[in-house]
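The values are calculated or read from the model by the stated rules, or taken from the named source; none is laboratory data. Small disclaimer: the values here were computed from a predicted structure and weren't measured. Neighbour counts are summed over all protein chains in view; Cβ atoms, including those assigned to glycine, are modelled from backbone coordinates with ideal geometry. Quick note on the areas: whole protein, heavy atoms, side chains included, nothing else; ligands and nucleic acids left out. Shrake-Rupley method; radii C 1.70, N 1.55, O 1.52, S 1.80 Å.
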Amino acid sequence: MIQVSHLTKFYGPRAAVNDLTFEVKKGEIVGFLGPNGAGKSTTMKILTGFMPASSGSAKIAGYDVFASPLEVKRNIGFLPENPPVYPEMQVQDYLQFAAELHQVPREKLRTAVDHALTKTSLGDVRHRLIGNLSKGFRQRVGLAQALVHNPAILILDEPTVGLDPKQIIEIRELIKGLGGEHTVILSSHILPEVTATCERIIVISKGRIVAEDTIDQLTTRIKKGVIYSLVVKNPDPTGVAAIRNIPGIHTVTQAGPKLVIEVQSGTNEIRDQIIETAVKKEMGVLEFSAEKVSLEEIFLQLTTIETPTQSTGATV
Amino acid sequence: MSPKNVWTIARKDFRTYFSSPIAYIVIAGFMLIMGWMFFYTLSHFEMQSMQYQQFNTGKSPSLTEGIIRPVYGNMNVIFLFLVPFITMRLFAEERKLHTIELLLTSPVRLTEIVLGKFISSFLLILVMLGVTLTYPIILFATGNPELGPIVTSYLGTLLLASCYLSIGILFSSLTENQIVAGSLTFATSLFFWLVNWAAQASGPIWSEILNYLSLIGHYSNFGQGLIDSSDVIYYLSFIGLGLFLTHRVLDSFRWR
Ligand SMILES: Nc1ncnc2c1ncn2[C@@H]1O[C@H](COP(=O)(O)OP(=O)(O)OP(=O)(O)O)[C@@H](O)[C@H]1O
Ligand SMILES: [Mg+2]
């Protein structure tokens, strides 16, 4: 349903999106996960035909985004980063305008608007001016706008931003319910967001895909894993290398005096070995702690750590 | 191109005029100034004709010369001031509110969006001109004016105001800031309006070119009840060029 191949977008000399290749199948809900500035919004703007890519290609519902933008746009519902709403319009009029822009036939306008209002629980505010609504409600109006023409593909840029916990749950349920019939791609920089709604996640950082897997697999892969954090006085490279060479150690990432060590399974043996090695190499252990690896940490590692010794990205 | 899409956008923007105070202020200001001007011209004309009848001096005033030409001529000046307020928000606001993303990711063509915006502002001009139809009605009720110059004055005014609109829409697409868009619209319209002033001070070829470029220069025929196709072509090309450039601007700003 969505095929992206070697997509690249330059803003001036800087690549915001760099050689992105992925695919989303019909009915899938895919999460686009990445920290601020990763290029999520940029990718979505390209997919929706809002802006062209510098190179690479994207196909949506079989149509090339650049060659046949109108066909692509007909198949898409898009919630941009900032809900594109007119403050001086009433919710209902706005949704009708959005439906007309998507060429919903006149006789179906009413039901389309009503459906969108119901799905996003906006029935009570249908006659209110959007400008008078709270941020969360405006976000929901934006979401209703993306749904109103019942598109095959939904592209949602941070759909639950600004919502309260109760609404977040409602909207997540709504998005989950869209799967199967609709193809959904949503972006977020918070992991629970995507684990709660998506079957598959694509982690991007600095414009590149650093991981791509189903939630289940990501979870099982690191279920047994433990992360040790070791702070030393003297983080000299030979010591770090020695620790990295201990069998069973998955990755070692260094941030100044702090070593983050990921192991396949946390046994006493391995813990002893790490400390022994550190002592033997006279690194001067200041602190040693262990914690269970959560998806959150994997995500953080994948996206935030940037060192010459980085080996995390490729391992997923 | 689908007229339905054009109309969807035109209707939305036309309604938006009336959900903000701008349209009301513009229309009310227009009515006040025009009303005052009409009655001033009318009473002046009355005085002139009375003098003519009493002393048989001066020239015999006609309604066309004495009322229609000055009133509609002045109307053009007023549009010069008011059009920036009408067009400044059209694209600038869409960009500021990010609603341009809705328009540009909907299955509508850029041409349809630009035309829709133009038509919405054109409709507002029509409403304003509609209000002034009371003047010819008064003239017909009390006197015997020529219909021709009235009709051509309206046509000319509509074309001239549309030229201002196309300048305004272009500048609105260039910035997120309505004030900037409005000011540049006024400055540019004024430039095209007054460009023939420079004609007097320049050589014969330049003077011809500058005279040709002048927006107001092409109005004088309309004011006298004449429709010259070269004037119509000039105005239509001017409007077309403004809208075409707007299209290019919107297209290119996606590439940045
Ligand atoms: N119009 C622009 N001009 C120049 N640089 C831009 C522009 N838009 C985005 N960028 C840059 O491109 C990079 C990716 O931006 P993008 O908005 O796609 O990130 P994101 O993943 O959506 O981040 P966030 O989580 O903050 O929404 C950022 O470094 C940003 O500064
Ligand atoms: Mg973003």
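Report every pair of residues separated by at least 6 positions or lying on different chains whose Cβ atoms are under 6 Å apart, first residue within the range A:71-89 and more than 7 Å from chain B (Cβ to nearest Cβ), second open to solvent by 10 Å² or more (accessible area, probe 1.4 Å) and part of a loop (DSSP other than H, G, I, E, B).
The qualifying pairs are A:Asn75/A:Ala61; A:Asn75/A:Ala152.
Go through (1) more than 14 Å from every other protein chain (Cβ to nearest Cβ); (2) in contact with a helix residue (DSSP H, G or I) (Cβ under 8 Å, 6 or more places away or on another chain); (3) open to solvent by 20 Å² or more (accessible area, probe 1.4 Å) for B:Ser62 and report which single condition fails.
(2)
If you go through the range A:168-204, how many residues are polar (S, T, N, Q) and within 14 Å of ligand 1 (Cβ to nearest atom)?
Number satisfying all stated conditions: 2.
Which of the residues that make up the range A:90-110 are at the interface with chain B (Cβ under 9 Å from one of its Cβ atoms) and of a type in the set (A, V, I, L, M, F, W, C)?
If the condition is that a residue be at the interface with chain B (Cβ under 9 Å from one of its Cβ atoms) and of a type in the set (A, V, I, L, M, F, W, C), then A:Phe97, A:Ala98, A:Leu101 are the ones that fit.
Inspect all residues belonging to the range B:180-190 and state whether any of them is exposed (fewer than 14 other Cβ atoms within 10 Å of the Cβ) and either within 14 Å of another protein chain (Cβ to nearest Cβ) or free of Cβ contacts under 8 Å to residues at least 12 places away in the same chain (or both).
Yes: the range B:180-190 contains one or more residues that are exposed (fewer than 14 other Cβ atoms within 10 Å of the Cβ) and either within 14 Å of another protein chain (Cβ to nearest Cβ) or free of Cβ contacts under 8 Å to residues at least 12 places away in the same chain (or both).
For the range B:140-256, which fully contained helices (runs of 4 or more DSSP H) count at least 2 residues that are more than 16 Å from ligand 2 (Cβ to nearest atom) and modelled with pLDDT under 85?
B:178-194, B:197-200, B:204-213, B:229-255
One line per residue, one yes/no per condition, for (1) over 24 Å from B:Val6 (Cα atoms); (2) open to solvent by 10 Å² or more (accessible area, probe 1.4 Å):
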site: A:Val4; (1), (2): yes, no
site: A:Asp19; (1), (2): yes, yes
site: A:Asp64; (1), (2): yes, yes
site: A:Asn82; (1), (2): yes, yes
site: A:Ala99; (1), (2): no, no
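Any idea which of A:Gly62, A:Gly27, A:Gly34 is within 16 Å of ligand 2 (Cβ to nearest atom) and assigned by TED's automatic domain parsing to the domain that holds A:Leu163?
A:Gly34
Looking at the range B:13-35, can you tell me whether even one residue there is within 12 Å of chain A (Cβ to nearest Cβ), part of a loop (DSSP other than H, G, I, E, B) and not aliphatic (A, V, I, L, M)?
Yes; the residues of the range B:13-35 include at least one that is within 12 Å of chain A (Cβ to nearest Cβ), part of a loop (DSSP other than H, G, I, E, B) and not aliphatic (A, V, I, L, M).
Limited to the range A:191-200, what total is found for residues that are within 16 Å of ligand 2 (Cβ to nearest atom) and not in a helix (DSSP H, G or I)?
0
So which residues in the range A:134-166 are within 15 Å of ligand 1 (Cβ to nearest atom) and within 18 Å of A:Val91 (Cβ to Cβ)?
Passing the criteria: A:Gln139, A:Gly142, A:Pro159, A:Gly162.
Do the conditions hold for A:Asn75, that is, is it within 16 Å of ligand 1 (Cβ to nearest atom) and either polar (S, T, N, Q) or surrounded by fewer than 23 Cβ atoms within 10 Å (Cβ to Cβ) (or both)?
In short, no.
Yes/no matrix, rows are residues, columns are (1) over 30 Å from B:Phe191 (Cβ atoms); (2) touching a residue at least 24 places away in the same chain (Cβ under 8 Å):
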| site | (1), (2) |
| --- | --- |
| B:Phe38 | no, yes |
| B:Thr41 | no, yes |
| B:His44 | yes, no |
| B:Met50 | yes, no |
| B:Glu65 | no, no |
| B:Ile68 | no, yes |
| B:Asn74 | no, yes |
| B:Ile78 | no, yes |
| B:Phe81 | no, yes |
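Going through B:Leu165, B:Leu147 one at a time, which residue ends up being within 12 Å of B:Phe79 (Cα to Cα) and not small (Gly, Ala, Ser)?
B:Leu165
Determine whether the range A:41-57 contains at least one residue that is open to solvent by less than 10 Å² (accessible area, probe 1.4 Å), assigned to a loop (DSSP other than H, G, I, E, B), within 16 Å of ligand 2 (Cβ to nearest atom) and of a type in the set (A, V, I, L, M).
No; the residues of the range A:41-57 include none that is open to solvent by less than 10 Å² (accessible area, probe 1.4 Å), assigned to a loop (DSSP other than H, G, I, E, B), within 16 Å of ligand 2 (Cβ to nearest atom) and of a type in the set (A, V, I, L, M).
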